[in-house]
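See structure below.
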Amino acid sequence: MESLRTLPLAEFPWDRLAPDAECARRHPDGIVDLSVGTPVDPTPAVVQQALAAAADAPGYPLTAGTEELRVAACAWLRRRFGADVAPAAVLPVIGTKELVAWLPTLLGATSVGFPALAYPTYDVGARLAGAGGRRVDALTGLGPERLDLLWINSPSNPTGRVLPVEHLRKTVEWARERGTVLASDECYADLWYDGEPPASVLSPDVCGGTHDGVLAVHSLSKRSNLAGYRAGFVAGDAQLVARLLERRKHAGMMVPAPVQSAMTAALDDDEHVGAQRARYAARRATLAGAFSAAGFTVDDSTAGLYLWVTRDEDCWTTVRWLAERGILVAPGEFYGPAGARHIRVALTVTDERATVAAARLRSAG
């Protein structure tokens, strides 16, 4: 317990938004909640049917996942990224937030790096492990320093920035030179709007055809509206995956059998992913246009579930201004000191609520 006292967990960020949420709820036409990226669209029918068909599941599921699931994940990685991954190098996880939070502990990491602007759980995972965590603005700033584990995130939460292939390749090379495990959180990789589809660290032109020292983390929450299922997987270095499997067996970290069947169906079907991307693209256009018309600047935001927006003022000032108009957003400060003058705007609202938010912004602009 000493490490938890030494590295205390911060207050859950969204609890700090309670007063602003209350303010937004007082709007005569109700709140438009753009603060959390929780999907609102239906879970695809093909996935629901697979879940129902597997509902009779009296026995324990395999921690390693079914052969069908691992083969489906490999097939999808090949279709999407051209990556050649063996089924034994794929491991299902209970939603990728679980893996992000526990990967440093499972690997025994004592030093963990993560982006300067980052999902808070990377830092939380380091603290839970009693590890030293640090924000990494650029690898050049680390010099000869070695980390046990380095997280990257492309497309980024919160900024929506996509790392180019050359950047990913150099990061893989840097990590391998130092014996650092590189974990790439790619949970938004199927939600892009401008330019080429985001690459993976498992892509041959990034990793050189070998996955040594590299892990890619994928979630079905965003692309397939499976946030309520807690469904994701990690793939890459076969030895690292085997190590994670052994430790997860002891810890009882198993994805329920019906969820594994649902995941298999989701990974086998690409059509619903394209349809969901089109929904988010339409909401993105509506909200980005309205924020721009109201005098905001939208930075990055080329992929993922969010807009990264600024009025070049303290983020909490912007949060409160929007709350007075019935719109709730997340302050950029939640994602690191570098976000202190930005807000994060989620695209995960219905078309009707996106239109309402746009109207309020345009009338205020």
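The values are calculated or read from the model by the stated rules, or taken from the named source; none is laboratory data. These numbers were taken from a predicted model, which means no experiment stands behind them. As a convention, Cβ positions derive from the backbone with ideal geometry for all residues, glycine included, and neighbour counts pool all protein chains shown.
A single member of Lys222, Lys249 is within 19 Å of Tyr306 (Cβ to Cβ), out of contact with any strand residue (DSSP E or B) (no Cβ under 8 Å at 6 or more places or on another chain) and of a type outside the set (S, T, N, Q), and it is Lys222. Every listed requirement among (1) touching a residue at least 40 places away in the same chain (Cβ under 8 Å); (2) closer than 16 Å to Val329 by Cβ; (3) crowded, with 21+ Cβ neighbours inside 10 Å is met by Val309 save one, (1).
The criterion of being under 12 Å from Ala288 (Cα atoms), touching a residue at least 40 places away in the same chain (Cβ under 8 Å), buried (at least 24 other Cβ atoms within 10 Å of the Cβ) and assigned by TED's automatic domain parsing to the domain that holds Pro13 holds for Leu347. Of the residues Val349, Val356, the single one that is part of a loop (DSSP other than H, G, I, E, B), in contact with a strand residue (DSSP E or B) (Cβ under 8 Å, 6 or more places away or on another chain) and β-branched (Val, Ile, Thr) is Val349.
Just one of the listed residues (Thr317, Thr310) is within 28 Å of Val100 (Cβ to Cβ) and assigned by TED's automatic domain parsing to the domain that holds Pro19, and it is Thr310.
Matching residues to (1) closer than 23 Å to Phe81 by Cβ; (2) among the charged types (D, E, K, R); (3) surrounded by fewer than 24 Cβ atoms within 10 Å (Cβ to Cβ); (4) touching a Lys or Arg at 6+ places or on another chain (Cβ under 6 Å):
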site	(1), (2), (3), (4)
Gly130	no, no, yes, no
Leu149	yes, no, no, no
Pro155	yes, no, no, no
Pro158	no, no, no, yes
Arg169	yes, yes, yes, no
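Looking across the stretch 227-239, the residues that are more than 15 Å from Ala189 (Cβ to Cβ) and touching a helix residue (DSSP H, G or I) at 6+ places or on another chain (Cβ under 8 Å) come down to Tyr229, Arg230, Ala231, Asp237, Ala238. Pairing residues of the stretch 273-290 that are farther than 21 Å from His218 by Cα with residues that are in a helix (DSSP H, G or I) and polar (S, T, N, Q), at Cβ distances under 8 Å and at least 6 apart in sequence or on separate chains, gives Thr286/Thr355.
Do we have any residue at all in the stretch 173-184 that's of a type in the set (A, V, I, L, M, F, W, C), within 26 Å of Ala346 (Cα to Cα), touching a residue at least 60 places away in the same chain (Cβ under 8 Å) and in the same structural domain as Val93 (by TED's automatic domain parsing)? Yes, the stretch 173-184 has at least one match.
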